[in-house]
Each structure stands twice: as structure tokens, then as C-alpha cells.
Amino acid sequence: MNARTLTALVLAATAVTAGLAGPAAAESLTASNQSLLVPVNPATFKVPAGSIGPMRLTAARNGSFAGQVVVTSTAPIKGLKASASDLRGPGTIPAAAVTVRYALPDGAARKRGARFGTFDSLEMSPPDEVPVYGCKLAVQPLWVTAAVPADAAPGDYTGRLTVTAAGGASVAVPVTLTVIDWTLPDPNTFAGHMDIVQSPESVARAYNVEMWSDEHLAILDKTFTILRPLAAKTLYITAVRRTHFGNEHAMVRWVRQDDGTLKPNFDHVEKYLTVATKHLGKVPGVIVYAWEPISSMGHAGGTGGAGRTTDKPIQYTLWDPKRDKLRKRTGPAWGTPEAKDFWRRFNEGLIPVLRKHGLEQSLMYGLIGDARPTKTAMDDITTGVKDARWAVHSHHYCRTWQGYDVGFCIALWGIHLNIVDPSQGHGYGWQNPHWLAYYPREMALTTPLMHHRYKLEMWMGAFSKFEMQHKGTSRTARGLGRLGADFWVVLPDAKGNLRYTLAGRYPESYWGQLNLNYCIPRLLGKGRDGPLPTVRSEAFRESLQEIEARVFIEKAIVNKDTRAQVGEPLAKRCRTFLDERIRMVNNSGGARKDQRRGGKNFRLEPDGWRESGAHLFRLAAEVAKTLKK
């Protein structure tokens, strides 16, 4: 491509080329549009035909919305920089609210031995040099995310993304943002519930910092900054060691007093809750991981049977503050007065810590899996706690166990919910007073981005056909669960090469087919200075925003009083559109063949999904306007 051709291309796209140091620099730098839902592979990427068009974003107020362009060159790109201008329209969205991030080729490879996977993590700073990949091009995706203020005036805004490189090459891409007259609530109050398991031990190992040091807490602060817009609703406090999260020691430590008695120390819990709630707020689930079975290998068969109802001896951490040494210890036998006293002391120290953070109502004990505890162990662990609740991660749905209520249940195929065509009925996950979540074990690090975008919405619309037919009501799912935040590869193999995560590190707590590695062990990327959002976490984030609009509309048209305010014409138009979104999902692999209805208009394509999201926010704005009247 010569300079004249490039100039024509750039002018046609309303781009600018200026300050060129020579013909070579002008020839090598181009930009092209790319859907957020189409992963970029550096080995196979091809520049699409045609000229680049404006980056088009449609947004609701108080949300963040992204677009992507891919910069390419026939030679390595050095000195790459990108910046966004103010977005001007009915008002001004300042450039400070527009973030430009550089995707890293650190995604999981589909084929073993591949040098690169797809671009995944999103780094704030550009790479020192973008190399030429297997596609014979230097490839660099740029993500532009606009954080729209809650008071932004609705209407169309325009601005520009300017990309420069060494040698003076400069390409400017127009950016258009349409702000719709509807405001998203705070992520802490989102209807969609995400259970994302965070691993403090993985963070410490990945960045070679001391557990619970200032450096460790600073990295955790970055972690929870990213988890906040993902509607993360759970925190896990390890009270025992060698759980299936791979923690060598527990977060809660015990100190032997001068009189020989043991006293629990919650200093680390205090630090953890402080940094987490700073971003997540008062999460509804604080799960104290206090129980493991003797063995957790195998499948779900026999769940709740005598062979799968066993208690592993209490494994706790003893701390010697004078020498700052941690020791591994086994606690008193279950069912003894000593065991009850042990857990009574534990709970008497824990409750004030939770109360300090406003989390005493969020307390649950766990973790119940396919193997389950005896009533003796559950009674011991909850000594002194009234109306104690438990948390379950299992193949099977579980509402109560050994006489205790289950406050939070994650289930797989035993969830007994159906993904059905809307003609057979509708599920409203936001209506369920019980916290039931689906475990998407069919997903992996290489799962298409489109699945990340629709998976939560699909399951929040599922219901039990059997219960509906025989009881007139049905359980529904409020979210997804058992997703890893940062279980990165941090353990070496025999040759010293990093190969394993901490999940399932100990044989007795491997958790069989529920091992975290079997789904998504990490939603976040491991950056140079801390965790990073990924194109996968961003897909979930934008999905949660769209679900909020969907739930807002559904609440308005399901309730008789508000439906009367909305009016039948608009209510029916909303129902038709929401059903179309479900059919888009079903036809793209979200349901059995007998539930895939509708024609080609319901195909789930990247551009169609983007347009569908924009229409969803516009409908929410219409509904809000009628309710204000």
C-alpha cells in the first residue's frame, strides 16, 4: 500500500494522517473496526475489506460501554499510543471518562503448544513493541470504554480516537456515542448475581508478595475494583486449611494463650473485608469455609448417601505471634465438648467483625458439595449462632440439609431448570426469594465471547416446566456461580515450569468434576502490576447492564398496577422484543433442538446483538417515561 492509497482510505473514513516521518511510517499503520464479540487471534487475523468507519457506542447513563478497533502494520509497531478526545453533543463527556486499553495476546490457546491464544487481558499502558505475528502483521486491538455519567444529557455525542506510533504516523478514528434517556442503578444493587471466587493465595504467589502485606492488599484493591461492575455478590473466608481453593493455611488463625486455651485471630479477615467491601459494598453472601469431606473425588453419584456424608477432621492454623510462625494443626474431634467450645470461640470472634462491616446478615457456612456434612459437624460449627444458613456448590439443587436452611445454592444439571421457548412460559430469576445460581461448567477459557454475553440472561429466564405444570409456580435462577476470579497458573511442575492453579491442589479436596479448573478458573488477567479486566469479563459486565434493563422492563409489565401505567400497546411490544432475545439465544446453542424456534431473524450475530442491546435500553427509557407520568 502506497502513501496515496493510504491517504484516500483515511480521508474516506474521516481519519487524519499527519506529521509523517517518511513513506514507510505511513504505509505500515492502519486501523479497522472489530466487534467486541469477535475474538482477535494474532495468528489468523485478516484486515477486513473496506474502509474503517466510526466507532459507534450506544449507552445508558451510569454505565460503561466499549468499542474496539484493531491497529495493524506490516512491520513491528513501536511507540504506540492512543488517546480519546472529549465527547461533545448535548453536553460534554470529558476525555477523562473515556478509557483506552491495549489487549494482550495472553488468552488460552485452543491448540496445545500454540505460541499465542486470542487477545484477552486489557492493559492500560501500550506494549513497548507490537511484534509481527503468524498472520504476517503486527496486530494490536484497542478497547475504548466510555463511562457515562449518571447526569449525562441524552442524545448523540461525537469525538475522536487518535492513534500514533514512532515515525510520526497518526490515524484518527471517529467515535460516536448515543446516550439513551435511562439510568442504570449501581452495580452493587444489580438484579443479576455473580458468584466469583477470589483467591488471595493466588495473588500473593503470582506477584511474589507476602500474604496480607501492604503490597498484597494493594493488589487485592485492584482486584475488587474490577469485580465491582461484575455484580460480585460473595466473599469466601477460609476457617480451615487445605480446602479445594488450595489454601495451605486458613485466613483465620488461632493463638495459644498463656493459660493454654486457643483464641481465634481475625486480623486478616478484617483486612480482607475492608478492601473488598470498599468496592463491593455489603455483599449478601459471606461464606465461612469451615468444612471439607474426607474425600471429594468422583462424580455426583450418591450425594447425601452414607458413603458421601463424612467429616474431615478439623484442620486449623496455629499462629505464634512472637516468632510469626504458622503451624498446621488438627482440632478436636467432631461431636465432643471441645469441638463445640472451639467453634463457639470462633463465632464469638467472627460476628463482631462482620457486624462492623454491616455483614452479619450475610453470614453463611460451607462449603457443601456433592459430598456433604453430618449433622454433628454442622451443629458444632454453628455453635452459638441462631438460624445459621449454609452455602452449597453441587451438581444438585439443595434447599435444606440436616435441618439447616441453604441460603445460597449453586447447581449444575441438578438445578432442574429448563431453557424453553417463550411460547411455553417465562422465568423471572429476579423474583426468586432464594439465591439459586447456575454453574456453567460447559464454559471454559476458550468459550466464545458471545456465550459470556448471553449466558446469565438465558439462565435468569429459565424455569422448571415440571413445577410449573404441577404447582403453578417454579424455582428460577438469580445468577451464575462458581467462576474463578484469579486462579492463575502459579504452581510449578517437576521441571520447575508453572503449570497448575491452586484449585484442587490437595488430593483429598480436589472436588472431582466440580473442580474450578473444569470451568472458568480465572476471569481476570495477570498483568505486570496487578490483575486486569479481560475481554471475557467485559462481556459479562455489559451483559449485566443489559439484564438490568430487561429486569426493569419485566418488573413493569408483570406487575398489574405498573402494567396499567405502561399501557397495553407498549407492554406487548416489550414482551415481543424480550421473547425475541430469548429466541436469539436458543437458536445459537442455548437450548435443546426442540426449543430452538424462530427463523433466521433470530440468529445471534455480533452486530445483531449490539443492535438488540441498544433497542433494549430504548425500551427501558420508554417504560420509565410512562411510569414517571
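Restricting the range 265-283 to residues that are surrounded by fewer than 16 Cβ atoms within 10 Å (Cβ to Cβ) and among the basic types (Lys, Arg), which is nearest to PHE342 (Cα to Cα)? Taking the candidates together, the pick is LYS282. GLY155 satisfies every condition listed in (1) of a type outside the set (Ser, Thr, Tyr); (2) at pLDDT below 95; (3) on the phi > 0 side of the Ramachandran plot except (2).
Note on the range 133-161: residues that are of a type in the set (Asp, Glu) and in contact with a Ser or Thr (Cβ under 7 Å, 6 or more places away or on another chain) total 1. What's the number of the condition ILE520 fails, among (1) surrounded by fewer than 24 Cβ atoms within 10 Å (Cβ to Cβ); (2) outside any helix (DSSP H, G or I)? With respect to (1) surrounded by fewer than 24 Cβ atoms within 10 Å (Cβ to Cβ); (2) outside any helix (DSSP H, G or I), ILE520 is out only on (1). May I ask you to verify whether ALA169 is at pLDDT 95 or above, more than 30 Å from PHE408 (Cβ to Cβ) and in contact with a Leu (Cβ under 6 Å, 6 or more places away or on another chain)? The answer is no for ALA169. Could you say whether any residue in the range 112-133 is within 24 Å of ALA60 (Cα to Cα) and more than 21 Å from the chain's Cα centre (by Cα)? For the range 112-133, residues within 24 Å of ALA60 (Cα to Cα) and more than 21 Å from the chain's Cα centre (by Cα): absent.
Only residues that are in a loop (DSSP other than H, G, I, E, B) and of a type in the set (A, V, I, L, M, F, W, C) were counted in the range 163-184, giving 4.
Within the range 55-75, restricting attention to residues that are in a loop (DSSP other than H, G, I, E, B) and modelled with pLDDT of 95 or more, the residue that is nearest to LEU142 (Cα to Cα) is GLY63. If you go through the range 284-311, how many residues are surrounded by fewer than 21 Cβ atoms within 10 Å (Cβ to Cβ) and part of a loop (DSSP other than H, G, I, E, B)? Final tally of qualifying residues: 13.
The values are calculated or read from the model by the stated rules, or taken from the named source; none is laboratory data. The model shown is predicted, which means the values in this text are computed figures rather than measured ones. Here the Cβ is made from the backbone with ideal geometry for all residues, glycine too, and neighbour counts use every protein chain on show.
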